[in-house]
Structure formats: structure tokens, C-alpha cells
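**Q** My questions will all concern the structure given below.
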Amino acid sequence: PASATYNTNSRKIAQYVPFVDTSDYQYGHGTHVAGTVAGKRDDATGAADGIAPGAKLAFADIGNSAGSLRLPNDYELLSVGRPYSKIHSASWGSEFPFYTTQSRNFDQFMYENDDFLILVAAGNSGAGDAPQTVGSPATGKNIIAVGAHHNTDDSRPRGALGPSYIADFSSRGPTSDGRTKPDIISVGKAVLSAGAVPSEFGECDGKIPGPNSSSGGLLSLQGTSMATPVAAGTAAIIRQYFEDGYYPTGERNPSNAMDNPSGALIKAVLINGAQYLSGVDNGASGITPISPYDNNQNFGRVSLQYSVNLAGKTNVDLQVFDRESILDGDSKDYQVQINTSGGC
């Protein structure tokens with residue numbers, strides 16, 4: 001049910017703010033992206049559990065059944081779930097490659113709420129390697145703009161080259177003022193998640209659908225809208241990593257728990273662990289060569305494995321500095337010892 005109040009005792013939907021209405025449409029966009037972030041059946045392990053299945057959601061309903069958006073003011077939108085919500089996943093945007101008032105407002109909200117991280121879909125206008133197609137508010141500076149790459153062998157559409165390749169539709173930078181975009185790339189093709197069937201409650205998973213199709217309570221879609229909640233769910237796990245005290249040893253230790261890590265720290269860990277991709281898969285038109293930090297991939301593909309240290313499971317030696325302040329024109333030195341005994 002719709003509620004302006006955040007319910008900390010809720011299993012999954014802690015808040016539902018009906019800026020437009022109180023429901024999704026058949027196999028709608030909102031249910032799919034929400035399921036990708038944090039979906040989890042309450043009666044079993046689902047066929048399409050989300051990236052962070054233990055997380056709770058504060059949902060802002062901003063779309064109608066025609067696929068149109070009706071947005072509240074930026075502060076109202078970003079305040080949904082606060083102060084409990086720490087990550088905002090926005091699977092929508094414009095086609096304006098400028099640093100707009102909305103881009104600035106998103107950046108300002110992160111600055112004023114430094115425990116908050118906003119991730120925004122880069123857009124789906126990159127076909128033909130079209131430059132300057134990342135649109136506001138993904139043109140922000142503090143936020144993370146998310147592009148899309150292909151899925152794994154079992155899930156990718158026939159003929160697609162696999163997860164080392166960017167989807168041809170994924171929007172490209174730079175922004176109109178010359179900044180590199182998108183910031184990171186995440187899986188955004190043939191993403192299996194929750195499928196909304198408004199006439200049913202607790203609908204069964206059904207047969208696993210093929211790419212871009214549906215079955216029962218399951219739906220497969222593609223787009224940077226799908227890639228963004230994958231990255232947002234990964235950011236939630238990284239946040240929990242610090243809050244549960246896994247840093248710095250890689251093993252859970254409550255005495256090492258970090259209280260309320262900043263959004264900037266989560267962003268830094270996420271992009272630092274990203275891995276370079278091999279090219280843009282243009283199908284019959286061939287492969288576009290890409291380079292690290294360019295306007296196709298920037299930092300590269302999200303990889304939790306290369307982002308955090310987990311004892312005996314990952315080979316990451318992590319040292320972080322959070323909420324360090326520095327004034328314009330000043331410098332600050334850090335001494336970091338790198339242990340290469342286990343290889344580099």
C-alpha cells in the first residue's frame with residue numbers, strides 16, 4: 001500500500017510514495033528495476049532474486065501506464081526514504097547532454113547528504129557510436145552514470161558477444177562541457193527480474209523466459225535502466241561490507257564496523273574495482289575498439305570481486321580514507337604500503 005511514512009518493520013517495501021498512482025502496469029518498468037536491486041520471494045529462493053536481496057526499498061511511483069513520467073521536484077524525489085535510504089537508483093533520464101539545473105540539484109543533494117549515493121541510467125541512444133548521448137541528470141558530477149554491457153553465455157541474446165562487450169544502445173559521452181561519461185558499465189541486456197502482473201498477488205515465477213520476454217512473475221528486459229539497479233545493488237553490498245565490519249581484514253568483525261560510510265566512499269570503491277571491457281558489440285556492423293577511461297566505458301564494468309577484500313575469496317588489498325577534507329589549492333599526502341607477496 002502507498003504510504004508517505006517509512007516502515008522500518010516492513011519486509012521489503014518500506015515506503016511507497018505515489019507521486020502518480022499506487023500500482024504498476026502489466027510487466028511494467030518500475031517493478032522490474034526494483035526487483036533487480038533487491039527482489040526476494042518471501043516463500044522461497046526466486047529464479048530472479050535481486051543483487052541485494054536483503055535490502056529494503058523506498059519506492060517513488062513517477063510513471064503511468066503509458067510509460068510517461070510525472071516528476072515531483074528534485075528535492076522531494078531524492079528525499080524519498082531518507083534518512084534510512086542511502087542509495088538512489090534512477091532508471092530514467094533525458095536526452096540533454098548538458099549540465100542542467102536538475103544535474104546540479106542531484107549533485108547538491110549528495111553534497112548536503114554525504115551518506116547518500118545516486119546512480120542514474122546513462123541512456124539508450126548510443127547506437128552507431130553516437131557521441132554526447134548521455135542525458136541529464138546522468139550528466140551530474142557527484143552521481144554515477146551507468147551504461148550497459150552484455151549478459152553471460154546462458155542469458156545473452158543469440159549472436160551477442162558476451163559480458164566483455166558494451167551494448168550498442170548504451171549512451172556515450174562526453175557531456176557538453178567535455179567530461180567523460182558514462183562513469184561505469186553494468187549488465188543491461190537480457191536482465192531477468194520481477195514481472196508485474198497486477199491482477200495477481202504472489203504470482204509464480206513460471207518458466208524462465210528468453211531475452212526480452214515474460215513468463216508468469218518473471219520478465220527479461222534490456223537497457224541502461226536495467227544496468228543501473230544492478231550497479232545500485234552492488235553499491236548496497238559494498239556499503240554493508242563496511243557497516244558489518246569486513247574492512248580491513250576481509251572477515252566480519254563488529255568492532256571494525258564503520259558507522260554510516262559516505263556515498264563518496266561507496267562510489268570510489270565501486271569505480272576503483274571496475275574492469276576494462278573489450279569493445280562495443282554492434283552486431284552485424286562489427287566491434288568498435290575502446291580504451292580505458294574513454295567515453296564508451298570510462299572506468300569499465302562493475303565487479304564486486306575486484307572491489308572489496310574478502311578473506312580467502314578475493315585478491316584485493318584495500319585501504320580507504322573517508323570524509324577527508326581538503327581546500328581548493330591545497331594538497332594532502334598519503335603513505336600507502338602495497339604488499340605484492342601474493343602477486344600483483
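The values are calculated or read from the model by the stated rules, or taken from the named source; none is laboratory data. Predicted model, so just to flag it, every value in this text is computed and none were measured. All Cβ positions, glycine included, derive from the backbone under ideal geometry; neighbour counts span all protein chains shown. Remember, those area values only see protein heavy atoms, side chains included, never the ligands or the DNA or RNA. Shrake-Rupley method; radii C 1.70, N 1.55, O 1.52, S 1.80 Å.
**Q** Using a basic spin-label model with each label point 7 Å from the Cα along Cα→Cβ, how many nm lie between D333 and Y276?
**A** 3.1
**Q** Follow-up question, since we're still on this one. Could you pull out the pairs from K12/K86; K86/K332; K141/K189; K141/K313; K181/K267; K86/K141 whose alpha carbons sit more than 23 Å apart here? Mind showing how you got there, number by number?
**A** Details: K12/K86 15 Å; K86/K332 28 Å; K141/K189 26 Å; K141/K313 33 Å; K181/K267 15 Å; K86/K141 18 Å.
Those over the limit are K86/K332; K141/K189; K141/K313.
**Q** For the chain, what does the accessible surface come to per residue with a 1.4 Å probe? Please give it in Å². Don't skip to the answer; put the middle values down first.
**A** On the way: 16870 Å² over 344 residues.
In whole numbers, the chain has 49 Å² accessible per residue.
**Q** Ranked by accessible surface with a 1.4 Å probe, highest first, in what order do T234, T152 come?
**A** Listed by decreasing accessible area, they come as T152, T234.
**Q** Additional query: Kindly report, to the nearest 10 Å², the accessible surface of V280 as traced by a 1.4 Å probe over protein heavy atoms only.
**A** We get 0 Å² for V280.
**Q** Given that just one value was derived from the coordinates, which of (i) 206, 54, 45; (ii) 75, 70, 34; (iii) 60, 52, 44 is Cα extents along the principal axes in Å?
**A** (iii)
**Q** Where the centroid of each part is defined by its Cα atoms, how far is the range 242-259 from the range 171-214 in Å?
**A** Using only Cα atoms to place each centre, the spacing works out to 32 Å.
**Q** Here is a further query. Provide, as a two-decimal number, the C-alpha radius of gyration of the range 1-118 over 2.2 N^0.38 Å, N being how many residues it has.
**A** Here the answer is 1.09, to two decimals.
**Q** Between D330, D43, D183, find the one with the highest GNM mean-square fluctuation for the chain; connect C-alpha pairs within less than 10 Å.
**A** Looking only at D330, D43, D183, the largest GNM fluctuation is found for D330.
**Q** Any chance you could look up the accessible area of Y84 with a 1.4 Å probe, heavy atoms only, rounded to 10 Å²?
**A** Probe radius 1.4 Å; accessible area of Y84 about 130 Å².
**Q** Further question on the same structure: So how far apart, in nm, are the two label points at L69 and K313 if each is 7 Å from Cα heading toward Cβ?
**A** Each label point lies 7 Å from its Cα, and together they span 3.5 nm.
**Q** Which percent of the accessible area of the range 205-246 is formed by carbon and sulfur heavy atoms (probe 1.4 angstrom)? Intermediate values should be presented prior to the final figure.
**A** Values: 640 of 1280 Å².
Heavy-atom surface of the range 205-246 belonging to carbon and sulfur, 1.4 Å probe: 50 percent.
**Q** Could you please report the charge total around N256, scoring K, R as +1 and D, E as -1 over all other residues with beta-carbon less than 14 angstrom from its beta-carbon?
**A** Spelling it out: positives minus negatives among the neighbours equals -4.
**Q** Continuing with the same structure: Non-local amide H neighbours of I87 (under 5 Å, H modeled in plane, Pro and chain starts lacking H): which ones?
**A** L117
**Q** Please give, to one decimal in nm, the separation of the simple spin-label points placed at A4 and F19, each 7 Å out from Cα toward the Cβ.
**A** Those two pseudo-labels are separated by 1.5 nm.
**Q** Quick one: accessible surface of R301, probe radius 1.4 Å, all protein chains present, in square angstrom to the nearest 10.
**A** Its heavy atoms expose roughly 70 Å² to the probe.
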